[in-house]
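Participant: My questions all concern the structure below.
The values are calculated or read from the model by the stated rules, or taken from the named source; none is laboratory data. Not measured: the values here are computed from a predicted model. Cβ coordinates were reconstructed from backbone atoms using ideal geometry, including for glycine residues, and neighbour counts include every protein chain displayed.
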Amino acid sequence: MARHVTLQAFGVLALLSAFLGAPHAFAEAGIQVIMNQAKIVRIARPADTIVIGNPAIADASVQDATTIVLTGKGFGVTNLVVLDKDGSPIVDEQVVVSRHDPNSVRVYRRAEVQTLSCTPYCESSYKGEAERTSESELNANQ
């Protein structure tokens, strides 16, 4: 009886780990875009119509007939549909917009957010008001 319960528990754990791993697998599919950055998408045939499922997540602009520029506007998942002049789909893909890339660190100071690029040292190219205030307070105390 104890062995039967252990095998059932093992089966449940294996099933849960498969389901918990599934969202990550889905996130890897489609077109990956970093928030507030652009990505060039080349298509096989000239586009006539471009549709973004949720324009709050991503925006698409036409560079030329076979080049689309996707811009991540907010984090999340949406889709991109590109149709040719006959209405046939050229592209029908998920677009996954993530907040930052793995080589960055986000620092939260009250309501202010600062993103540091860590390649290989963590640096900020733009200093926000919170960071300038923090540095001036630190330098005043020295």
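Participant: Considering only residues that are among the aliphatic types (A, V, I, L, M) and surrounded by fewer than 15 Cβ atoms within 10 Å (Cβ to Cβ), look in the stretch 39-54 and name the one that is nearest to the chain's Cα centre (by Cα).
Facilitator: Among those that are among the aliphatic types (A, V, I, L, M) and surrounded by fewer than 15 Cβ atoms within 10 Å (Cβ to Cβ), it is ILE40.
Participant: If you scan the stretch 92-142, which residues turn out to be in a helix (DSSP H, G or I), of a type outside the set (Gly, Ala, Ser) and either at pLDDT 80 or above or touching a strand residue (DSSP E or B) at 6+ places or on another chain (Cβ under 6 Å) (or both)?
Facilitator: GLU131
Participant: Just name the residue that is farthest from CYS122 (Cα to Cα) out of those in the stretch 46-105 that are touching a residue at least 60 places away in the same chain (Cβ under 8 Å) and of a type in the set (Asp, Glu).
Facilitator: Applying the filter and picking the extreme gives GLU93.
Participant: On to the next question. I'd like the full set of residues that are of a type in the set (D, E, K, R) and either without any contact (Cβ under 8 Å) to a residue 12 or more places away in the chain or surrounded by 14 or more Cβ atoms within 10 Å (Cβ to Cβ) (or both), limited to the stretch 106-123.
Facilitator: ARG106, GLU123
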